[in-house]
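The values are calculated or read from the model by the stated rules, or taken from the named source; none is laboratory data. As the structure is a prediction and not an experimental result, all values here were calculated from the model. Backbone-built Cβ (ideal geometry, glycine too); neighbour counts: all protein chains shown.
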Amino acid sequence: MNDPRLADANSRAYYDDFSKTYEAKRGQAAGAGYHDLLDHLEAGYVARFGTGRDVLEVGCGTGLVLARIRAFARTARGVDLSPGMLELAKRRGLDVVEGSATALPFADGSFDVTCSFKVLAHVPGIETALAEMARVTRPGGRILAEFYNPRSLRGLLRRVGPARRIGRARDEDDVFTRFDSPRRARELTPRGCRFVGARGVRIVTPFAGLLDLPWLGRAVYRTEELLADSPLKALAGFYIATYEKETE
């Protein structure tokens, strides 16, 4: 799917449908559950660079992560391709707009931190999306870009397992999905930026339901917290590359 307009239209339809059931297992109590773990580690990483600063989330969906970011950022804005997803974000009172990751509707240098989680893996023109994230980031700011890692347990299961049902009438195969290794994430460093670090999310969790089990789930949750910034991050299902925009 080389035409970005067709790719955007397909993704918009996919996520509009997904929005009807997206939060069925999300928004759980803090410190419990698979999706809370992901949101916690992602938002927590943004806090490292974005506390008291202006933050943009690209592909904010229904705003679960953006709501966490709003708690520590000076300003927190979000952009998403799906009106269905954005409707739920607006109900949370979040500052969100409709737009594409490959053509962000913001001026150059608008934010101190630009982040994206579970979105770039569904963008065929990822180089353009990363360039746009860098464009709207101020010199000296950070770009946090999450990749689906093929060298992970999650990546293996996605390749060999059946496609999961998504929304009411779709499954995972209905949307473009790419996997980029940590090495590839370095190679994708946007022009005018440098790779400065990473965080790994979902390193030892074999399946999401494990986090729902009493005692064991809490132990796995804590283990994921401890390993997120360890050398084992290179084996994480979700690899968050961090780029710093060079000062002019």
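Laid out as a table, the results:
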| quantity | calculated |
| --- | --- |
| From D95, D80, D108, residue being closer than 16 Å to V65 by Cα, more than 17 Å from the chain's Cα centre (by Cα) and among the acidic types (D, E) | D95 |
| Matching residues in region 180-203 - criterion: being within 23 Å of E224 (Cβ to Cβ) and among the polar types (S, T, N, Q) | S181 |
| Output for region 175-196, where each listed residue is touching a Lys or Arg at 6+ places or on another chain (Cβ under 9 Å) and buried (at least 19 other Cβ atoms within 10 Å of the Cβ) | P182, P190, C193 |
| One residue from T137, T205, T177 being at pLDDT 90 or above, under 28 Å from A76 (Cα atoms) and either of a type in the set (S, T, N, Q) or more than 14 Å from the chain's Cα centre (by Cα) (or both) | T137 |
| Pairs, first at positive phi in region 166-193, second aliphatic (A, V, I, L, M) and modelled with pLDDT of 80 or more, C-beta under 7 Å, six or more apart | G192/A134 |
| Search result, residues across region 57-82 that are closer than 11 Å to C115 by Cα and assigned to a helix (DSSP H, G or I) | V65, L66, I69 |
| Members of region 101-126 found to be over 22 Å from Y45 (Cα atoms) and of a type in the set (D, E), listed by number | D108 |
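Here's the yes/no breakdown for (1) crowded, with 18+ Cβ neighbours inside 10 Å; (2) without any contact (Cβ under 8 Å) to a residue 24 or more places away in the chain:
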position	(1), (2)
A208	no, no
P214	no, yes
G217	yes, no
A236	yes, no
I240	yes, no
E248	no, no
